[in-house]
Each structure stands twice: as C-alpha cells, then as structure tokens.
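Beneath this line is the structure, given in structure tokens, with notes to follow.
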Amino acid sequence: MRTWYFSEMAYHPAWEKGLARGSLRVNFPSENLDPVEAGTLLNRYLDEFALCDEVGLDIMVNEHHSTATCMTVSVPMALSIIARETKKARLLTLGNPIANRPDPVRVAEEMAWLDCVSGGRLEMGLVKGAPYEIAPANSNPGRLMRRYWEAHDLILKAMSTTTGPFSWEGEFFHYRNVNIWPRPIQQPTPPVWMTGMSVETGTMAAERGHVVGTLLSGGLAKPMYDAYRKRARELGWEAGPDRFAYAAIIGVGKTREEGLRRADIIADYVRTAPVVAEPFNNPPGYNSLGANVAILKSGPRANRIVTDRNGDQIDHRTATVQQFMDTETVFAGTPDDVYNQLKAFNARMGGVGNLLFFGQGGYLSHQDSKENIALFGKEVAPRLMELGVPETAAAE
Amino acid sequence: MSRHVTVAGVSLEIEERGQGRPLLFLHAGEGLQPQRPWLDTLAKSFRVIAPHHPGFGGSALPDWFGTVDDIAYLYLDLAKQFELDDALLVGSCFGGWVAAEMAVRNTAPFAGLVLTAPLGIKIGGVLDRDIADMHGMPRPEFMKFAWADPTLSTIDYATLADTELAGVARGRESLALFGWKPYMHNPRLRRWLHRIDIPTKLLWGDKDGIVSQAYGQGWQAEIASSTMETIAAAGHYPHWEQPQAFADRVTAFAKTLS
C-alpha cells in the first residue's frame with residue numbers, strides 16, 4: 001500500500017461564520033476571507049506538502065471552488081509549485097474535474113507540462129467532480145457523464161498522439177488542430193485515475209484499466225472494488241491492489257490520545273464538507289434517477305448519511321471520531337494502532353494498493369500537521385508498503 | 001388517459017381531451033401535471049392536445065435530442081402530423097419559450113398564440129437576472145416565488161409511486177439539460193420575435209416571482225400583434241392556480257380570432 005498525502009488547504013478561519021449561515025460553499029461571500037491570511041495559510045500548506053517528499057510519501061492534490069473548505073482552485077497550479085519543491089514523490093491530481101472544464105485540450109497541455117517539469121512523476125486523475133462544483137462552474141448537470149467521457153477520450157488522445165494535429169468534432173467539444181506541446185514523458189499517458197462510489201464506476205474503470213479511488217466510506221468502496229475485479233477477470237486480467245485507492249482521515253501520535261486528537265481535528269473537514277445550501281448539493285441530472293427517487297421520498301438530507309459496518313446510519317455533520325472510525329472514514333492512534341487498523345481494512349477490502357492520507361484538515365496546526373506527516377511517513381508508510389493482496393483474498 | 005404517439009422518431013406521451021378548436025398546450029418546467037383541474041377546465045372549450053416534453057412524463061428523450069430548437073421542430077412536426085389548422089398554441093413558462101421558438105419559425109398551423117409567463121428571452125443587462133434562478137434556491141423558497149398561495153403547490157412525494165417519482169426526477173433533469181446555460185433563454189430569440197405574425201396574448205399572474213410583469217412588457221414590445229393581461233391571485237402558473245380564470249381568458253382570446 002502506497003501512501004499519498006493530501007490536504008484541501010482549507011480557509012478554516014471563516015468556518016464558524018459559514019456554519020452559522022448554513023453554507024460554506026457556493027453562496028458564502030468571499031468578504032469572509034482575509035486574502036493576506038489566505039496567502040499565509042497557502043504557503044504553510046505548501047510547506048507541509050514539501051515535507052512529504054522528505055519523509056518518503058507521495059502527494060495528491062484536489063480542487064474545489066467557491067468554498068471555505070478548500071482553497072486549491074487549480075490542481076495544476078498547486079502541483080506546479082509542489083513539483084519544483086519535491087524530487088521523489090509521485091504527484092497525483094485527483095483530480096481534474098473534466099466534465100466542468102470547457103477546454104479538455106488545455107487540461108491535456110497542463111498535465112503534459114507537469115509530467116515534463118516533474119521528470120515523469122505525474123499520476124493523472126480525471127474526475128466527475130462533486131455536485132456542488134456544478135454551480136461555480138455553471139456546467140450543465142444534464143448528460144454530465146457523457147461530457148466526462150468525451151473529455152476523457154479527447155485528453156488521452158491529445159496526450160498520446162505524437163503525429164498530430166488531429167481534429168475532434170464530438171457532441172460537446174470541437175477542435176481542428178489538436179497537437180499539444182510539450183507532450184508527456186510517460187507514454188502513451190501518465191497513469192490515469194478515476195473516482196467514484198458505485199459498482200458502475202468500478203466496472204467502467206476496469207474496462208480501461210484505470211486506478212479507481214473512493215473516499216471516506218469502506219461500505220461503498222468494497223462493492224466498487226469487487227465489481228472492478230470481476231470485470232477485469234471477465235476481460236482476462238487480474239486487478240491487483242495497485243488499481244484501488246481509498247481516502248481516509250488519519251491522525252497518528254506518539255500516544256493513542258494524541259493520534260485521536262489529531263484525527264478529531266482533521267475530521268472537521270468531513271463535518272463541514274456537506275454544509276452547503278440545499279439546491280447546490282443535488283443539481284438535477286447529477287445523481288442517478290434511482291438516487292433522486294430516494295431523495296424525493298426521504299428529503300434532501302439523505303445524501304449526508306453514510307452507513308457504518310454494523311449497518312447503522314451516521315450523519316457526517318455531527319459524527320464523533322469513534323463513529324467515523326466505524327465507517328472507516330478515520331484511522332487513528334499510535335503508529336501501531338493505525339498500521340493494524342489499515343492492515344485489517346486492507347484485508348476487508350481484498351487489497352487496496354493506494355491510501356490517500358488526509359493528514360491535515362481544519363484547525364490542525366502546522367506543528368501538529370508536520371508531526372502527523374513525519375510520524376506516518378517514518379513509522380506507518382514503510383510497513384504499509386509491504387501489504388499486498390491479503391491472504392484470505394488471495395486464496396479465493 | 002394519455003396515449004403514445006411517435007413524432008419525428010420520438011415517442012411522446014400525449015394527453016388529448018375535449019372538443020372544438022384544437023389547442024396545443026406546451027407545459028411548464030415543472031411538468032404537465034394533468035391531474036390538476038386546469039386540463040379538464042380548458043377541455044370544456046377546446047380539443048386540448050398536451051404532450052409531455054421529451055424527457056418528461058412518459059415521453060422519450062433520445063440521445064440525439066437536447067435543445068429547445070429540437071423541441072420546437074418536433075412540435076411543428078406534431079402539428080403537421082395532427083393536421084392542425086386554425087389552432088391555438090399555448091405555452092406556459094418553459095413551454096412558452098418553446099411556443100415562441102415555434103412561432104418565429106412557422107405560424108401556419110395556428111390562428112393565435114398564448115404565452116403564459118414565458119421564459120426564453122433576455123431583456124436586462126449582464127448583471128440583471130430576468131428569470132429567477134429556480135435552481136439556486138431551496139424548493140420551499142421556489143414555491144414562494146412561483147405561487148401566490150404556496151400551500152396549493154404542495155405535492156406529498158412520500159405518497160407517490162416510484163414510477164411517478166422517477167418521472168418528476170427525470171423532468172427536472174431534462175429541464176436542466178434544455179435550459180441550464182444560457183439560463184432558460186436563447187440570447188438570439190428576442191431579435192426574431194418580430195416574425196410572430198398571429199394575434200398573441202401574454203398572460204401573467206399578478207404574483208409571479210419567477211418572471212416579472214416588466215419582463216412580460218419586454219415580450220409585448222417585440223411582438224407587434226400582442227396584448228398583455230394579468231390574472232389576479234396567481235403566481236407563475238395561472239393555469240394551475242386559477243384554472244377557471246385562465247380558461248376564461250384563453251376562451252375570450254380565441255373568440256377574437258377569425
């Protein structure tokens with residue numbers, strides 16, 4: 001299991017005000033942000049990313065828009081700085097919200113540029129994006145996944161075509177001279193990642209051999225991984241753990257209390273992430289008809305609930321650390337605790353090769369963040385590297 | 001009872017009720033809702049032909065279909081297939097936009113046009129929102145903008161069958177597909193409204209919070225043959241909120257047509 005550190009680079013100083021208004025995203029005015037303080041925080045977060053390279057961790061960056069929960073507005077912009085400050089870490093974009101991007105060729109150019117500048121260290125995530133990203137981008141939620149797949153195909157073709165230009169006249173995108181310079185070091189393209197939470201996504205990712213990641217809910221992850229493995233077998237190949245990724249909040253400390261305390265602070269991210277004015281959380285067409293039928297029946301709060309291992313429902317906004325540990329949203333404690341929890345998780349999932357380590361969030365201080373990263377990098381990550389397919393799954 | 005009709009290769013669910021002058025009714029973004037009393041009230045005076053738009057109710061939404069232009073051409077084909085002549089074309093809200101797109105192309109099947117709080121054109125400047133952002137407000141707030149008496153709008157979704165709920169969800173998705181960006185309008189349509197060469201009645205609920213009466217006057221200014229009337233104690237859907245007053249206005253307008 002490889003470990004990829006990430007942080008959303010939150011602007012937590014505005015959280016109290018946003019929570020009081022009932023929305024931290026989309027319609028929370030930016031007068032609630034002090035840009036000088038934002039700059040200080042961004043530099044601090046970038047230092048924390050740079051530290052990962054020193055302790056042997058890989059790095060992941062994501063992006064969100066119009067929100068106090070995440071100041072990373074552009075994956076390539078953040079990674080271009082990180083690429084220059086690191087030497088060994090592989091750099092994962094998870095990802096580029098390509099269904100919300102008007103210009104996929106520009107995405108291909110940015111990713112190729114990053115691959116060149118980093119010496120071929122890029123891993124390229126192409127994602128659908130969260131529902132509340134529709135409003136800031138004002139992209140049409142209808143036929144979103146059709147647009148996603150057309151953008152996906154165009155980006156991969158743009159990166160892997162060396163004898164261009166070629167033309168593209170699709171349903172959504174039109175170009176007459178696609179011919180990107182520079183082209184990526186890793187040919188035909190850097191490794192491609194997707195995210196999802198459904199069996200359908202697992203199947204579609206398997207058909208392309210992409211890495212598939214999910215976040216914060218083991219209950220949803222397992223069926224998706226299983227669907228991937230099944231589809232891969234049907235297609236004549238065996239999907240190893242390196243095809244799967246899982247994002248979790250992790251607090252590690254010299255003592256169990258210290259690890260739990262850190263995890264509890266980082267978990268404020270999960271408590272705040274769903275707090276967005278109702279209409280932006282489920283734009284029409286974003287979710288499946290089946291999901292929308294369920295929401296119509298039970299009301300808009302249904303999508304904030306996850307189910308723990310015992311089948312009990314947990315509300316993300318108010319859950320305790322222990323509840324988050326039961327949903328496999330959080331792993332926490334001493335290095336041994338965290339290793340053992342992840343080893344057991346790996347076994348339950350049938351082998352997950354990539355851990356997306358949410359190691360900073362919310363009010364976790366710079367000092368705590370550095371210690372969390374360093375302790376995990378030195379004492380947990382090397383042992384995780386030896387975890388592979390669990391024996392029970394391998395015997396099946 | 002509805003039936004299915006295939007027009008231009010698209011399977012449409014259509015309600016057809018009543019006798020008399022044909023009236024092609026194009027429904028609002030919130031759907032046809034034929035169970036409300038408006039349809040039977042209108043059908044006392046007209047042969048009402050009311051399709052569910054593609055992607056709404058039981059009407060198909062083929063992969064190739066995706067714009068308001070597509071709907072306008074589809075319904076012009078429908079008018080031909082039904083051999084409509086001297087008919088009335090009536091559109092509410094989103095359906096008013098579709099009706100206007102049809103009418104700038106071809107008014108031959110129709111003797112008159114009724115636009116009830118139509119969406120579809122841009123009047124104000126770049127910072128002006130002519131059409132309320134129905135997708136940027138919680139449902140209860142939307143109901144307050146859209147209804148003079150929001151209590152009449154209530155639908156208890158918990159009591160509906162899954163197929164009906166799927167129809168609601170599907171209609172919402174289709175409305176987004178057709179009208180998300182530019183938001184519920186065609187920036188070019190206003191310049192072509194002068195092509196509408198049949199008598200046109202603009203009807204507006206006096207409590208409409210989705211599109212203002214000033215927006216209606218913007219329409220009126222572009223269509224030489226148009227007049228505008230308001231309906232009291234009605235919001236954005238006068239046919240639902242004041243079905244009798246709505247039917248009376250449409251009937252009175254029809255009588256003025258040769």
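The values are calculated or read from the model by the stated rules, or taken from the named source; none is laboratory data. Since the model is a prediction, treat every value here as computed from it, not as a measurement. Here Cβ is always computed from backbone atoms with ideal geometry, including for glycine, and neighbour counts include all displayed protein chains.
Some notes on this structure:
- Among the residues making up the range B:1-17, those that are in contact with a Leu (Cβ under 8 Å, 6 or more places away or on another chain) and either in a strand (DSSP E or B) or surrounded by 19 or more Cβ atoms within 10 Å (Cβ to Cβ) (or both) are B:4, B:5, B:6, B:7, B:10, B:12, B:15, B:17.
- Among (1) crowded, with 19+ Cβ neighbours inside 10 Å; (2) within 14 Å of another protein chain (Cβ to nearest Cβ); (3) on the phi < 0 side of the Ramachandran plot, the one test that residue A:102 misses: (1)
- Condition check for residue B:195: modelled with pLDDT of 95 or more and crowded, with 17+ Cβ neighbours inside 10 Å: no
- Within the range B:156-187, considering residues that are in contact (Cβ under 8 Å) with a residue 12 or more places away in the chain and loosely packed, with under 15 Cβ neighbours inside 10 Å, the one nearest to the other protein chains (Cβ to nearest Cβ): B:182
- Counting the residues of the range B:63-78 that are surrounded by fewer than 20 Cβ atoms within 10 Å (Cβ to Cβ) and of a type in the set (Val, Ile, Thr) gives 1.
- From A:162, A:93, residue being more than 14 Å from chain B (Cβ to nearest Cβ), in a loop (DSSP other than H, G, I, E, B) and among the polar types (S, T, N, Q): A:162
- Residue check for residue B:149: closer than 22 Å to residue B:206 by Cβ, of a type in the set (Asp, Glu) and away from chain A (no Cβ under 14 Å): yes
- When residues of the range A:283-324 are limited to those that are of a type in the set (A, V, I, L, M) and part of a strand (DSSP E or B), the one modelled with the highest pLDDT: A:314
- Screening residue B:216 with (1) more than 26 Å from residue B:128 (Cα to Cα); (2) more than 14 Å from chain A (Cβ to nearest Cβ); (3) in contact with a Ser or Thr (Cβ under 9 Å, 6 or more places away or on another chain) gives one miss only, at (1).
- Scan of the range A:5-36 for residues that are part of a helix (DSSP H, G or I) and either within 14 Å of residue A:70 (Cα to Cα) or of a type outside the set (D, E, K, R) (or both), ordered by number: A:12, A:13, A:14, A:15, A:18, A:19, A:20, A:30, A:32, A:35, A:36
- Verdict on residue A:137 being touching a Pro at 6+ places or on another chain (Cβ under 9 Å), within 14 Å of chain B (Cβ to nearest Cβ) and of a type in the set (A, V, I, L, M, F, W, C): yes
- Sub-8 Å Cβ pairs linking a first residue in the range A:273-292 that is farther than 24 Å from residue B:163 by Cα and facing chain B (nearest Cβ under 9 Å) to a second residue that is hydroxyl-bearing (Ser, Thr, Tyr) and surrounded by 20 or more Cβ atoms within 10 Å (Cβ to Cβ), at least 6 apart or interchain, are A:280/A:132, ordered by first then second residue.
- Condition check for residue B:199: away from every other protein chain (no Cβ under 14 Å) and either in contact with a His (Cβ under 7 Å, 6 or more places away or on another chain) or in contact (Cβ under 8 Å) with a residue 40 or more places away in the chain (or both): yes
- Taken over the range B:198-214, the criterion of being surrounded by fewer than 22 Cβ atoms within 10 Å (Cβ to Cβ) and assigned to a loop (DSSP other than H, G, I, E, B) is satisfied by B:198, B:199, B:206, B:207, B:209, B:212.
- Boolean, residue B:85 is part of a loop (DSSP other than H, G, I, E, B), of a type in the set (Asp, Glu) and within 14 Å of chain A (Cβ to nearest Cβ): no
- The residues in the range A:172-216 that are outside any strand (DSSP E or B) and either under 14 Å from residue A:108 (Cα atoms) or more than 28 Å from the chain's Cα centre (by Cα) (or both) can be counted, and the count is 14.
- Matching residues, the range A:226-243, being of a type outside the set (D, E, K, R) and either within 28 Å of residue A:364 (Cα to Cα) or assigned to a helix (DSSP H, G or I) (or both): A:227, A:228, A:232, A:241
- In the range B:18-62, of all residues being surrounded by fewer than 24 Cβ atoms within 10 Å (Cβ to Cβ) and of a type in the set (Val, Ile, Thr), the one that is farthest from the chain's Cα centre (by Cα) corresponds to B:41.
- Filter pass, residue B:246 being under 26 Å from residue B:43 (Cα atoms), touching a residue at least 60 places away in the same chain (Cβ under 8 Å) and in contact with a His (Cβ under 6 Å, 6 or more places away or on another chain): yes
- Qualifying residue in the range B:125-141 (condition: surrounded by 13 or more Cβ atoms within 10 Å (Cβ to Cβ), facing chain A (nearest Cβ under 9 Å), within 19 Å of the chain's Cα centre (by Cα) and assigned to a helix (DSSP H, G or I)): no
- Pairs linking a residue in the range A:85-108 that is more than 16 Å from residue A:193 (Cα to Cα) to a residue that is of a type in the set (Asp, Glu) and surrounded by fewer than 21 Cβ atoms within 10 Å (Cβ to Cβ), with Cβ atoms under 7 Å and 6 or more positions apart or on different chains, are A:86/A:53; A:87/A:53; A:88/A:53; A:89/A:53.
- Residue-level analysis places residue A:119 among those that are outside any helix (DSSP H, G or I) and more than 14 Å from chain B (Cβ to nearest Cβ).
- Scan of the range A:53-70 for residues that are in contact with a helix residue (DSSP H, G or I) (Cβ under 6 Å, 6 or more places away or on another chain) and hydrophobic (A, V, I, L, M, F, W, C), ordered by number: A:55, A:57, A:59, A:61, A:68
- Checklist (1) within 14 Å of chain A (Cβ to nearest Cβ); (2) modelled with pLDDT of 95 or more; (3) surrounded by fewer than 22 Cβ atoms within 10 Å (Cβ to Cβ) applied to residue B:107, failing item: (1)
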